[in-house]
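The structure under discussion appears below in the form of structure tokens.
The values are calculated or read from the model by the stated rules, or taken from the named source; none is laboratory data. From a predicted model like this one, the values you see are computed outputs, not experimental measurements. Neighbour counts are summed over all protein chains in view; Cβ atoms, including those assigned to glycine, are modelled from backbone coordinates with ideal geometry.
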Amino acid sequence: MDQTRPFAVITGASKGIGAEYARALASQGYDLLLVARDNTRLETLSQNLHRVYQRDIWTESFDLTQPQAAARLYDVARSYRPQVSLLINNAGFGLYGDFADMPLAKIRDMLQLHIHTIVESTRLFLPDMLARKQGASITVASAAGFFPIPYMTEYAATKTFLIAFSKGLARETQNQGVTIQVCCPGFTHTDFHRSAGHQPKQVFFAQSAKQVVENSLQALKSKRTLVTIGWQGRLALWTSKIVPRKVLIALAGKFVKPPPPG
């Protein structure tokens, strides 16, 4: 094992954007720790990456919605390599529908995963990066965090939090050798919406998970904090700044609202 190679920790790594980060970073010479709940997918991805790129690829399968998940992630990562070059907080899920009808357990899981686990993980990994004056953290948020979205109310709110958290932290750590990025994809071709129980109405401007990762890693080189994807992402950010919030919420609600039963 070469301790000098860069080492990245990726959550939600078994599929979608997380798996694309794994492929891209392995091709760039990173050793990886891949974390997700789906152990079968993780093992398949790990074996493929090791065969193609000859990197050290470790996998850990555990639930990041649990209260002590961040501490476990930190301890596991350091058991493989004492220094983490890049932390990618990608794990997340969607909830779609009337907030009052959502299971309370799912609401708690989302808050734990999107806010507590990410904030605590960042807090645990950051001090060593600052001490070395080297390292980076990427948190995958969403263009949904640019404004409130009815029927995805909690999801959008957690992503708004992550954008604000990342921008504030980037300011705190500027000129200290550490890069803080929040990546905000728009609609992306993954199974996210299907898993959330959401069938989007006509979507003409979707991007691939590979495009999201390429944009994110390119922006990491220039140390950009807020990263949107393509012209669609720039348009979403621009719209959120100039269109009155009341109008945006009304339009988003009309677009996202579930069809009547039957």
| field | Test: residue in the stretch 131-145 that is modelled with pLDDT of 95 or more, touching a helix residue (DSSP H, G or I) at 6+ places or on another chain (Cβ under 9 Å), part of a loop (DSSP other than H, G, I, E, B) and crowded, with 19+ Cβ neighbours inside 10 Å | value | yes
| request: Search the stretch 168-211 for residues being part of a loop (DSSP other than H, G, I, E, B) and within 18 Å of Arg23 (Cβ to Cβ), and hand back the single one that is modelled with the lowest pLDDT. | output: Thr190
| request: Filter the stretch 1-47 for residues that are more than 17 Å from Ala69 (Cα to Cα), assigned to a helix (DSSP H, G or I) and not aliphatic (A, V, I, L, M) and give the result. | output: Gly16, Gly18, Glu20, Tyr21, Arg23, Ser27, Thr40, Arg41, Glu43, Thr44, Ser46, Gln47
| Looking at Ala105, Ala91, which is the one that is in a helix (DSSP H, G or I), among the small types (Gly, Ala, Ser) and either out of contact with any His (no Cβ under 9 Å at 6 or more places or on another chain) or at pLDDT 95 or above (or both)? | Ala105
| note | Of those in the stretch 92-112 that are closer than 25 Å to Ile17 by Cβ and aromatic (Phe, Trp, Tyr), the residue surrounded by the most Cβ atoms within 10 Å (Cβ to Cβ) is Tyr96
| message | Pairs needed: first member in the stretch 105-134, farther than 21 Å from Asp75 by Cβ; second member anywhere, of a type in the set (A, V, I, L, M) and part of a helix (DSSP H, G or I); C-beta distance under 7 Å; at least 6 residues apart or different chains. | response | His114/Leu162
| note | The correct count of residues that are among the hydroxyl-bearing types (Ser, Thr, Tyr), closer than 26 Å to Phe161 by Cβ and touching a strand residue (DSSP E or B) at 6+ places or on another chain (Cβ under 6 Å) in the stretch 38-89 is 1
| message | When you check Gln83 against the structure, is it more than 28 Å from Phe187 (Cα to Cα) and modelled with pLDDT under 95, yes or no? | response | no
| Based on what the data block shows, is Leu113 aliphatic (A, V, I, L, M), at pLDDT 95 or above and part of a helix (DSSP H, G or I)? | yes
| query | Which one is surrounded by the fewest Cβ atoms within 10 Å (Cβ to Cβ) among residues in the stretch 49-72 that are basic (Lys, Arg) and not in a loop (DSSP other than H, G, I, E, B)? | reply | Arg51
| query | Do any residues in the stretch 22-51 that are touching a residue at least 24 places away in the same chain (Cβ under 8 Å) and closer than 15 Å to Asn90 by Cα have Cβ atoms under 7 Å from those of residues that are among the polar types (S, T, N, Q) and part of a helix (DSSP H, G or I), where the two are at least six apart or on different chains, and which pairs are they? | reply | Leu34/Ser46
| Which condition breaks for Tyr151 when tested against (1) surrounded by 18 or more Cβ atoms within 10 Å (Cβ to Cβ); (2) assigned to a helix (DSSP H, G or I)? | (2)
| field | Options Tyr53, Tyr30; residue that is among the aromatic types (Phe, Trp, Tyr) and closer than 27 Å to Thr225 by Cα | value | Tyr30
